[in-house]
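Structure, as structure tokens:
The values are calculated or read from the model by the stated rules, or taken from the named source; none is laboratory data. If you're wondering where the values come from, they're calculated on a predicted model, not measured in any experiment. Cβ placement follows ideal geometry from the backbone for every residue including glycine, while neighbour counts extend to all protein chains displayed.
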Amino acid sequence: MRTAAEVKSCCAAAYCSPAAAFLLGESLHPGGTALTRRLADVVGMRSGQRILDVASGRGTTALLLSRKYAVAVDGVDLSDASVRQATAAAQQAGLADRIAFHLADAEHLPFPDGTFDALMCECSWCLFPDKAQAAAEFARVVRPGGHLGISDLT
Ligand SMILES: C[S@@+](CC[C@H](N)C(=O)[O-])C[C@H]1O[C@@H](n2cnc3c(N)ncnc32)[C@H](O)[C@@H]1O
């Protein structure tokens, strides 16, 4: 029987591997960037907002949101390699002033209450062992009246 910490660390390692990039492509979720744009529209994303992308992977979603919607994005991911890769991608794209990636667990978000206008979480909710804790954290860091957008496999 694996502990929650072992499940998390195994999962973070799998998704930053070259094999995952080869098999899953640019976005690490079914539906790709088209589904990301749909989710952003569902949460009513608007220019100037501050957005959190939970389990930000290689940073594809954060870059897309920053470019298309002119928002500031923080991304968190449990994989150090993914955070480094995403940070490099933001720097290369000239978006480092609007996008920051952090090494953090979705179940323990390193932000004060009500920091974000909206939160996106794509194809990752299914991976969190303690969903009640993750849900409480999502609700805590989004401002009252803000939006949560979650897409996942069912
Ligand atoms: C299927 S990938 C999705 C990545 C990204 N959201 C996307 O759609 O391109 C799952 C991501 O969740 C991250 N992850 C898994 N468990 C996590 C946790 N507890 N907290 C933060 N990130 C986590 C993995 O490191 C991986 O980058």
So is Ala81 more than 24 Å from Ala135 (Cβ to Cβ), of a type outside the set (Phe, Trp, Tyr) and over 12 Å from the mean Cα position of the chain (by Cα) or not? yes
Go through the range 101-117 and count every residue that is more than 15 Å from the ligand (Cβ to nearest atom) and not β-branched (Val, Ile, Thr). 5
For Val54, are the conditions met, namely being hydrophobic (A, V, I, L, M, F, W, C) and within 12 Å of the ligand (Cβ to nearest atom)? yes
Verdict on Gly75 being modelled with pLDDT of 95 or more and more than 9 Å from the ligand (Cβ to nearest atom): no
With within 14 Å of the ligand (Cβ to nearest atom) and farther than 18 Å from Arg37 by Cβ as the only criterion, which of Ala86, Ala96, Ala62 stands out? Ala86
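I'm checking my understanding of the structure. Among residues of the range 113-154 that are on the phi > 0 side of the Ramachandran plot and without any contact (Cβ under 8 Å) to a residue 40 or more places away in the chain, which one is nearest to the chain's Cα centre (by Cα)?
Gly114
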Selection count where residues are hydrophobic (A, V, I, L, M, F, W, C) and within 13 Å of the ligand (Cβ to nearest atom), scope the range 20-50: 9
Would you confirm whether any residue within the range 7-14 is out of contact with any Ser or Thr (no Cβ under 8 Å at 6 or more places or on another chain) and farther than 16 Å from Ser79 by Cα? no
Given the structure, is Gln91 over 15 Å from the mean Cα position of the chain (by Cα), more than 8 Å from the ligand (Cβ to nearest atom) and touching a residue at least 40 places away in the same chain (Cβ under 8 Å)? no
Residues of the range 121-132 being in contact with a strand residue (DSSP E or B) (Cβ under 7 Å, 6 or more places away or on another chain) and within 8 Å of the ligand (Cβ to nearest atom), which ones? Cys121, Glu122, Cys123, Ser124
